[in-house]
Amino acid sequence: MPKRGCPFADAAPLQLKVRVGQRELSRGVCAERYSREIFDPSGAASGACSSCVRAVDGKAACGQCERALCRLCVRSCGGCGAVVCAVCGLVDCGAVHEKVLCASCAMFEA
């Protein structure tokens with residue numbers, strides 16, 4: 001017995017499985033909320049991490065650029081112990097273990 005034909009023909013929209021991730025949400029339906037969190041018009045700290053744009057869960061800030069950091073992005077300098085972000089921290093791969101250095105300590109290590 002032959003297969004039955006589609007009764008909708010070309011009138012039905014194509015139904016595809018689409019993966020919607022954080023990137024699509026930040027550009028689409030959640031764009032306004034995310035932009036409000038990041039770019040706060042009051043000029044105060046927005047509550048978003050400067051490295052990964054997650055919500056800041058504490059009061060950690062980079063010692064170099066003073067941007068807010070979440071607990072996952074906080075790194076401490078191996079020389080002086082200062083808190084640094086991923087942008088300001090320099091990774092020293094010369095030793096057996098990697099060591100994060102702030103800009104001040106990296107000048108003296110060189």
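The values are calculated or read from the model by the stated rules, or taken from the named source; none is laboratory data. Model, not experiment: these values are computed from the prediction. With ideal geometry, Cβ positions are generated from the backbone for all residues, glycine too; neighbour counts draw on all protein chains shown.
Quick notes on this one:
- Residue within region 19-26 that is among the charged types (D, E, K, R) and either touching a Leu at 6+ places or on another chain (Cβ under 9 Å) or at pLDDT below 70 (or both) present: no
- Region 64-77, residues that are surrounded by fewer than 19 Cβ atoms within 10 Å (Cβ to Cβ) and over 18 Å from the mean Cα position of the chain (by Cα): Gln64, Ser76
- Taking first residues from region 79-102 that are in contact (Cβ under 8 Å) with a residue 24 or more places away in the chain and partners that are assigned to a loop (DSSP other than H, G, I, E, B) and β-branched (Val, Ile, Thr), the Cβ contacts under 9 Å between residues at least 6 apart in sequence or on separate chains come to Cys85/Val74.
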